[in-house]
Structure formats: C-alpha cells, structure tokens
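Notes to accompany the following structure.
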Amino acid sequence: MRAAISDVLETMFFMTVQFSENRCTLKEWFSDRKSLFGATISFKGPLSGSLWLVAPVSALNEITANFLGRGKDEISNEEKRDTVKEALNMIGGHGFSLFGRKDTFTLGIPSSIEGLTLIENIQGDSSKNAILIVAGHNRLAGGVVVD
Amino acid sequence: MAVNVLIVDDSFSMRSIIKKTIKVSGLEVGKFLEAADGKEALQVLVNEWVDILLTDINMPNMNGMELIGEMKKDEVLKSIPVVMVTTEGSERRVQEAMEMGARGYIMKPFLPEEIKGTLCSILGEAEYEKKELDEGYEGGDF
C-alpha cells in the first residue's frame, strides 16, 4: 500500500511522500483532531475488508488545490471530502494492481467519514498497522482492515 | 476539428482534473460535457453529440461497464469511442472492458501524456474511419 500511496500522492497531487516509523497512536499523530476528514472504501476478492485514509483540513487545502489547480482559499469542504475519497479510491485500485494484476479485487464506492470518528473506530491491531504518511509538510494516515 | 468530450465520473474533482488535462494537451475541444454516472451520461447523450467519452468504471446507479452495454444497444451511440479512466487495473477487468467495446484504458493515477496520447490515437483512428466511410460513399460503393 505504501507504493500506491507514494505513486498517487506524487503523480496526481504533486507531493513528496515519506513514511514515519513513529510508533505513536493516531490521536498523537494528529495534533488538531477536530479538523480531520476521512474516507473509507470496501474491497472484495481473494481477501475482503476496507481501506481508510485520514487527512487534516490544512493538508486537504494544499492537496485539493494541487489536484484542481486552484488557490487554497477557493476550495470548499465538499471538494475536500471528494478529494479524500478519490485519493483513497486511486490508492486502493493502484495498490491492488501492484499487489497482483491477475487477482481481481473489486472496490466499493468510497464514502466520507468524519476523521475523528474514523480514527476512534480504528482500534487495537488496526491502529498499530496504520501507515503514518508525511506528504509535503502535512501529516496523513491510512491503512487496511481485513475482515 | 473541435471535438465534444463527455467525462463520466462520480468524483467532480476527477472530472475537473481530466478536463484540465485535456485542455492543456492541446486537443481542440468544442464542448466539455460531464455526468456523474452512467444514467446521467445516457441523458446527456440524448441531447448532445459526443465525439469521445471517458468514463470511470466504479460509479453508483450505473457503472461504466453497464454504460458501455447500454450504448452498444443503440445504433448511433455504439459508434462513439469510449475510454475507461479508472482505478480498476486487474488484467481480467481490462480485458472485460475491451471486450465490451472500450477503445482505450487509462489507469489512475495517470500522467497527462497518457490521456493526450490515448485521445489523439483514438480520435485519429476515428477520423480515418470516418474519411474511409465518406470516400466509400463518394466513390459510389453504395
């Protein structure tokens, strides 16, 4: 999934990507938890489960502005939600194609979820497996939950 | 010759980025049309002539594969070249789309050059096919 995250954020959003090996919790990773936007998408195939992505509003201002080629002040909340969903959709599809093109994974329709709710739902082992992403100057997180 | 392009994707951000990519590619576009799913696309096609259609696969209401299926049932719509622009990249899915009648397949994330290259190639072929038909008609083959 890391390769897919890098490819999508670098190709479509023009952001340099690094991954943190910090073992902090998601709540510690995001200092301002009130302004988080999240998205999830289900998948079926040889394995089934869901993928998730969370980004703070500050990151989304930059990411969406890069994506749409507009100024940061011109971006609506609806566009930010749409960007998180589409980024996750691309990460999922690209990730599965990198994982093994001969296996068919079917992705669901991405849906928005309030970021704080999402990170509260990611508990236990799933939280430990969260991928902590540094994109430009922004902190994001994502992961896979297998059923 | 300016072409009309229909972009079908449930993400308006993605529709915007595809539109922007086509604009900067230098392709002469008469009209950009947009639809959020297959059903909306069919409604657009009732009223507008489209030279090429770019569609996502994974959409609510009517997905991209179902859209191609509906277009194939119509004598006029089946001639419109369709390009899939999608995250779904399994070999089986690509093959399925091409068998359904898609003329091209672009995986997200894509580079602007991929969109430009695919559209120019398909529109070039379409123009050639149209010329052949026109010449055949003028030549008295009918």
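The table that follows gives values for the structure above.
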| read-out | value |
| --- | --- |
| Residues of region A:48-73 satisfying the condition of being of a type in the set (D, E, K, R) and either away from chain B (no Cβ under 12 Å) or under 17 Å from the mean Cα position of the chain (by Cα) (or both) | A:Glu62, A:Lys72, A:Asp73 |
| Hits in region B:108-117 - residues which are open to solvent by 40 Å² or more (accessible area, probe 1.4 Å) and within 12 Å of chain A (Cβ to nearest Cβ) | B:Leu111, B:Pro112, B:Glu113, B:Glu114 |
| Any chance B:Leu27 is touching a Cys at 6+ places or on another chain (Cβ under 8 Å) and surrounded by 17 or more Cβ atoms within 10 Å (Cβ to Cβ) | yes |
| Matching strands (runs of 3 or more DSSP E) fully within region A:1-80 where at least 2 residues are in contact with a His (Cβ under 8 Å, 6 or more places away or on another chain) and at positive phi | none |
| Residue, least open to solvent (accessible area, probe 1.4 Å), within region A:25-75, restricted to residues that are farther than 11 Å from A:Ile119 by Cα, basic (Lys, Arg) and in contact with a helix residue (DSSP H, G or I) (Cβ under 9 Å, 6 or more places away or on another chain) | A:Arg70 |
| Identity of the residue in region B:4-15, more than 7 Å from chain A (Cβ to nearest Cβ) and open to solvent by less than 10 Å² (accessible area, probe 1.4 Å), that ends up farthest from B:Asn63 (Cα to Cα) | B:Val5 |
| Test: residue in region B:16-36 that is within 29 Å of A:Arg81 (Cα to Cα), within 14 Å of chain A (Cβ to nearest Cβ) and at pLDDT 95 or above | yes |
| Conditions (1) touching a residue at least 60 places away in the same chain (Cβ under 8 Å); (2) out of contact with any strand residue (DSSP E or B) (no Cβ under 7 Å at 6 or more places or on another chain); (3) open to solvent by less than 30 Å² (accessible area, probe 1.4 Å): number failed by B:Gly69 | (1) |
| Residues within region B:28-51 that are touching a helix residue (DSSP H, G or I) at 6+ places or on another chain (Cβ under 6 Å) and either in contact (Cβ under 8 Å) with a residue 40 or more places away in the chain or charged (D, E, K, R) (or both), tallied | 1 |
| Selection within region B:45-55 - closer than 13 Å to B:Glu70 by Cβ, under 13 Å from the mean Cα position of the chain (by Cα) and among the β-branched types (Val, Ile, Thr) | B:Thr55 |
| Any hit, region A:16-23, residues being within 12 Å of chain B (Cβ to nearest Cβ) and closer than 18 Å to A:Thr64 by Cα | no |
| Unique residue being more than 13 Å from every other protein chain (Cβ to nearest Cβ), over 22 Å from A:Met12 (Cβ atoms) and open to solvent by 70 Å² or more (accessible area, probe 1.4 Å) when the list is B:Gln43, B:Gln95 | B:Gln43 |
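The values are calculated or read from the model by the stated rules, or taken from the named source; none is laboratory data. Computed from a prediction, not measured in an experiment: that's the story for all the values here. Backbone-built Cβ (ideal geometry, glycine too); neighbour counts: all protein chains shown. Each accessible area value is taken on the protein alone, full model and side chains, heavy atoms only, with ligands, DNA and RNA left out. Shrake-Rupley method; radii C 1.70, N 1.55, O 1.52, S 1.80 Å.
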